[in-house]
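Encoded as structure tokens, the structure appears first; notes follow it.
Bear in mind that the values in this text are calculations on the coordinates, not laboratory data. Nothing here was measured: the structure is a model prediction, and the numbers come from that model. We place every Cβ from the backbone using ideal geometry, glycine too, and count neighbours over all the protein chains shown.
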Amino acid sequence: MSQPTATSSVQHLVLGWFSMVLGLCGLSLAWHRAKPWLGDLAWTLSLAIGTLAAVIFVILLLANTWRVFHFSSAVLEDLMHPVRHVFVAAVPTSMVLVATVMVTLFGPSALADGLWMSGSVTLLVATVWVVHRWLHVGRSPAAFWPTMTPALFIPVVGNVLPPLAGVPLGHEVWSAAQFGMAVLLWPVALTLVLVRIGMVGLWPERLLATTFIMIAPPALVGLSGALLGVPILLVHMAWGVALFFTLLSMTLFRRSLSQPFGIALWGMSFPLSGFAALSLRIVPDVGWLQALALAWLAFVSLLIGWLLWRTVRGLWRGDLLQAEATPALRSA
């Protein structure tokens with residue numbers, strides 16, 4: 001079988017590929033949190049991972065711009081897809097996260113400020129568009145509930161992130177406003193997902209890795225809330241909720257990895273690294289967590305390293321950028 005050309009493969013570069021940027025940025029921020037214990041090693045690893053995330057972000061952005069002009073029908077198909085449409089929020093979320101890594105490593109700058117503002121505003125527009133689809137008139141319950149998967153949390157997570165860079169950049173009011181949107185949407189999305197389980201069962205095996213996205217909202221609520229002055233007790237409560245969803249998701253870890261490798265598996269990376277970052281954030285308050293938090297960071301690093309290796313191998317062999325059969329949205 002002949003290998004697809006690089007140009008033709010771009011049409012299959014769905015927006016879910018930006019999950020790579022989210023996961024690598026999250027890991028970079030988590031390693032930066034480890035600096036008090038690991039010193040320059042943690043900072044160097046944070047810089048290397050953050051640089052890789054920025055490079056991949058630029059490549060994906062350019063490739064998707066090419067895709068818009070040359071494969072507009074494929075882009076439209078993504079936007080109309082009952083599950084994949086939520087990943088439109090992953091693009092501005094990536095912008096906010098890359099800006100956050102820049103600010104974390106090097107401090108505020110005009111470039112980081114511009115990237116953060118562009119991502120933050122675009123994220124708001126994307127979130128309104130995604131939620132508007134929930135209100136689509138004429139959709140029957142049989143068509144609506146199967147589309148409710150943990151991917152719904154992607155725009156929620158995105159709106160939790162702005163304070164991480166927005167507060168150091170001097171945009172505390174807008175950061176708090178977007179944080180408030182996320183706090184509103186999180187229980188709504190969680191309710192929709194839980195009702196979906198009751199109505200039609202768990203999402204199919206091919207989408208099991210999306211379960212881990214449920215970890216991200218409480219983990220990032222804790223991190224961003226701390227910057228906005230949320231009482232430390234509430235930060236600890238957010239960590240407890242994130243811990244619950246982490247333990248729950250890990251019960252599906254082996255089943256998720258047993259699926260044929262695809263970009264959906266990157267959905268595990270950012271939530272797990274976000275939990276690592278929050279755990280390292282509360283370590284000074286709960287000393288016995290130090291060893292566990294660092295061990296968790298090492299585990300997440302190995303997992304993301306494996307995901308990166310499998311992705312490179314899949315691209316080299318031509319296994320990834322191909323038309324993917326859409327899994328049934330109902331549980332098996």
#### Entry: Rough spin-label spacing in nm, given labels placed 7 Å along Cα→Cβ, for Leu302 and Ser118
3.9 nm
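Estimate the FRET efficiency between Glu172 and Ser9 by the formula 1/(1 + (r/R0)^6), using the beta-carbon distance for r and 41 Å for R0, to the nearest 0.05. Could you put the intermediate results ahead of the total?
Values: r = 43 Å, r/R0 = 1.04.
For R0 = 41 Å, the calculated efficiency reads 0.45.
Normalising by the residue count of the chain, find the relative contact order in percent from Cα pairs under 8 Å and 6+ residues apart. Please report the intermediate quantities before stating the final value.
On the way: 465 pairs, mean separation 72.1, N = 332.
Relative contact order for the chain comes out at 22 percent.
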### Summary
Karplus-derived 3J(HN,Hα) from phi for region 88-98 (6.51 cos²θ - 1.76 cosθ + 1.60, θ = phi - 60°), whole Hz, x at Gly and Pro, runs 4, 6, 5, 5, x, 4, 4, 4, 5, 5, 4
### Summary
Simple spin-label estimate for Thr65/Leu111, 7 Å along Cα→Cβ, in nm, reads 1.6 nm
### Query
Based on the Cα gyration tensor of region 53-154, what are the three equivalent ellipsoid semi-axes, each the root of five times an eigenvalue, rounded to whole Å and given largest first?
29, 17, 11
## Note on the structure
Per the Cα gyration tensor, region 163-207 corresponds to an equivalent ellipsoid with semi-axes, largest first in Å, of 34, 12, 4
## Note on the structure
Computed over the Cα atoms of region 76-132, the Rg and Dmax in Å are 13.2, 40
#### Entry: Neighbour count of at most 16 Cβ within 10 Å plus DSSP loop: longest chymotrypsin sites (Phe, Trp or Tyr not before Pro)-free window in the chain
1-260
### Query
If you build a Gaussian network model of the chain, linking Cα atoms that sit under 10 Å apart, which residue out of Ile197, Ile213, Ile59 swings the most?
Ile59
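Which loop-located trypsin sites (Lys or Arg not before Pro) does region 42-148 contain, where loop means any DSSP state but H, G, I, E or B and the Cβ has at most 13 other Cβ atoms within 10 Å?
Values: sites: Arg67, Arg84, Arg133, Arg139; in loops: Arg139.
Passing sites in region 42-148 do not exist.
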#### Entry: Dimensions (Å) - region 197-332, Cα atoms, principal axes, largest first
47, 39, 25
#### Entry: Where only alpha carbons of the chain are counted, the Rg and the Dmax (Å)
18.9, 59
